[in-house]
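Taking it in order: structure first as structure tokens, then the write-up.
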Amino acid sequence: ALDFDVLEIWNRNSRQLYEQVRRDWFALLNQGFVRTGVANTDTHKLSPELAGYPLNIVLLPQPGPSGAGVSPETLAVQVRRGAVIGTDGPVPVLTVRSGESRGGPGDRIRWVDVPPCFVFHGLNAHREGDEVVLRVHKLVEAFGPQSDLVPSHLTEWRIGTGGDRRLGVGQLDV
């Protein structure tokens with residue numbers, strides 16, 4: 001049995017180490033060992049590392065009327081259940097409203113399969129009828145062969161919300 005709840009997937013700026021640990025994590029997931037992946041800063045020198053990046057953002061319940069903080073136990077529960085995002089940049093918070101209905105952070109997630117890709121920048125999200133329309137910068141791979149940036153393609157995803165999970169994908173010309 002594996003006696004751990006969380007696996008550090010992303011640490012520092014080493015692409016090689018990240019890819020190695022990510023392969024190990026995916027192997028565990030494929031064998032049914034579901035563990036939360038996290039991103040942590042492990043800065044040992046001033047250069048070339050940046051203190052504070054990457055970092056984890058944990059979805060926590062809103063504080064009660066007393067304004068009391070969140071307990072360490074609640075934080076641990078949220079991380080164990082996977083309510084954590086590893087990032088090195090801003091994380092937009094999206095709330096979707098339709099009439100009186102509203103969904104946002106902490107609500108039930110409805111997963112939709114998308115073709116494998118990387119999305120680093122979401123540009124816009126809105127609702128049109130029974131579809132949620134997302135415009136994103138989509139990349140085929142996260143980094144080029146020299147850990148350089150690769151071109152992104154402005155892409156529109158249209159996700160059906162009327163009971164099915166259809167996904168329409170189109171490349172935008174700008």
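Quick look at the values:
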{"read-out": "Using θ = phi - 60° and Karplus 6.51 cos²θ - 1.76 cosθ + 1.60, couplings along segment 18-34 (whole Hz; Gly, Pro as x)", "value": "4, 5, 5, 5, 4, 4, 4, 4, 4, 4, 5, 4, 5, 8, x, 8, 7"}
{"read-out": "Chain lengthening between R80 and F118 when straightened (0.36 nm per residue, less Cα-Cα)", "value": "11.2 nm"}
{"read-out": "Local electrostatic count at C117 - Lys and Arg +1, Asp and Glu -1, tallied over other residues with Cβ under 11 Å", "value": "0"}
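Each reported figure results from applying straightforward, stated rules to the coordinates on display, with no laboratory input. Treat the numbers as computed from the prediction; the structure is a model and nothing was measured. Here the Cβ is made from the backbone with ideal geometry for all residues, glycine too, and neighbour counts use every protein chain on show.
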